[in-house]
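Shown next, in C-alpha cells, is the structure this report addresses.
The values are calculated or read from the model by the stated rules, or taken from the named source; none is laboratory data. Fair warning: this is a prediction, and the values are worked out from it, not measured in the lab. Neighbour counts are summed over all protein chains in view; Cβ atoms, including those assigned to glycine, are modelled from backbone coordinates with ideal geometry. Ligands, DNA and RNA are excluded from the accessible area calculation, which covers all protein heavy atoms including side chains. Shrake-Rupley method; radii C 1.70, N 1.55, O 1.52, S 1.80 Å.
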Amino acid sequence: MRKIIACEFMTLDGVIQNEENDGDGFKYGGWFFGYADEATEAVIQERLAKPVDLLLGRKVFEGWETYWPSHSHFWPNVMTATKYVASNTRNSSDWQPTIFLSGDLAEKVREVKQTDGPDLHVFGSADMLQTLFRNDLVDGLELMIFPITLGQGKRLFNGGSIPAAFKVTESQVTPNGIISISYERDGDVKTGAPRIDEND
C-alpha cells in the first residue's frame, strides 16, 4: 500500500499557508524565505529527489501547473510524478500526467493508496489535508518548523485531526533555528498515569 506523506513548511503556531491570493486577508506570503540556509536547502533537495507521486488541492495545482513546467530544472521529478488533484470543478489539464479526484475524496484517496506506485506527497493544500486527517489517511509528516509566529493563516491541524500517535524517524535543527523533522504513524494514542515511587 502506498503511503501519504504531508510535506509542509510550518510556523511555530501551526500556519502552513504561504499564498496571499486566497482572498482571505492573509498577508505574509513568502514568510519562510528569510530563514533559508545551506542546511535547509540540503534537506529540501534530498526530499525533492525522492521518486514520488503528488496529491494536491486544486488551488495548489493551479499555481503549480503554470510554474513548474518552466522551472522543472529545480525539481525534475515534478514533471514525471502523477499529480492526483482533489477537485470538483476541474477534470483536465495540459500538464500531464494528472488525474482529477472528484466526489468522495476520502474514498478516492483510499483507492489510489491501494494501487501500485511510489508514495504520495502532499504540499500545501491545507483544506484537503483536513479531510485526509479526519479519515486517518496520512501516514507520515515531513515538516520544517520555522521560528516565527503569524497569528493568522491556514494551519496544519485545523480541527480535522483524529487521536493518533507518531514517532520521529529523522530530525535536525539548522543554524537559523529551523527544525527539520519527519514522523510516521505509530498506532493509537497511548495513555497512562504517572509512576509514583512510594519511597519518594
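So the values come out like this:
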| item | result |
| --- | --- |
| Structure-based [θ]222 nm, the chain - -39500 (n - 2.57) summed over DSSP H runs of at least 4, per residue, nearest 500 | -6000 deg cm²/dmol |
| Spatially proximal aspartates and glutamates relative to K154 (Cα-Cα < 14 Å; intrachain offsets below 8 disregarded) | E8, D13, E19, E20, D22, D24, D127 |
| For segment 1-104: relative contact order, % (alpha-carbon pairs under 8 angstrom, 6 or more apart) | 18 percent |
| For segment 128-174, projected area of the alpha-carbon convex hull averaged over all directions, nm² | 4.3 nm² |
| Charge-dipole axis of the chain as Lys and Arg at +1 and Asp and Glu at -1 on Cβ define it, positive-most pick from I145, G29, V85 | V85 |
| Tilt relative to the chain, helix 38-48 - C-alpha long axis, 0 to 90 degrees, to 10 | 60 degrees |
| Rounded if a/c under 1.5, otherwise prolate or oblate - segment 107-200, Cα gyration tensor axes | oblate |
| Heavy-atom surface of the chain, accessible at 1.4 Å and reported per residue (Å²) | 56 Å² |
| GNM result for the chain, Cα springs below 10 Å: residue of G103, G124, G14 fluctuating most strongly | G103 |
| Point-charge dipole on Cβ atoms (K/R +1, D/E -1) for the chain, about Cα centre, debye to 20 | 460 debye |
| Projected area averaged over orientations for segment 4-69, convex hull of C-alpha atoms, nm² | 5.8 nm² |
| Rh by Kirkwood over Cα pairs, then Stokes-Einstein D for segment 16-130 at 0.692 mPa s and 37 °C, µm²/s | 212 µm²/s |
| Computed over the chain, Cα set: Rg, Dmax in Å | 18.1, 72 |
| Sequence-separation-based contact order of segment 43-200, relative, with Cα cut under 8 Å and 6+ spacing, percent | 19 percent |
| Amide H contacts under 5 Å for L101, placed H, 5+ residues apart | V85, A86, S87 |
| Cα centre as origin, Lys/Arg/Asp/Glu Cβ charges: segment 140-200 dipole, Debye | 400 debye |
| Accessible carbon and sulfur surface of segment 1-118 relative to its total accessible area, %, 1.4 Å | 52 percent |
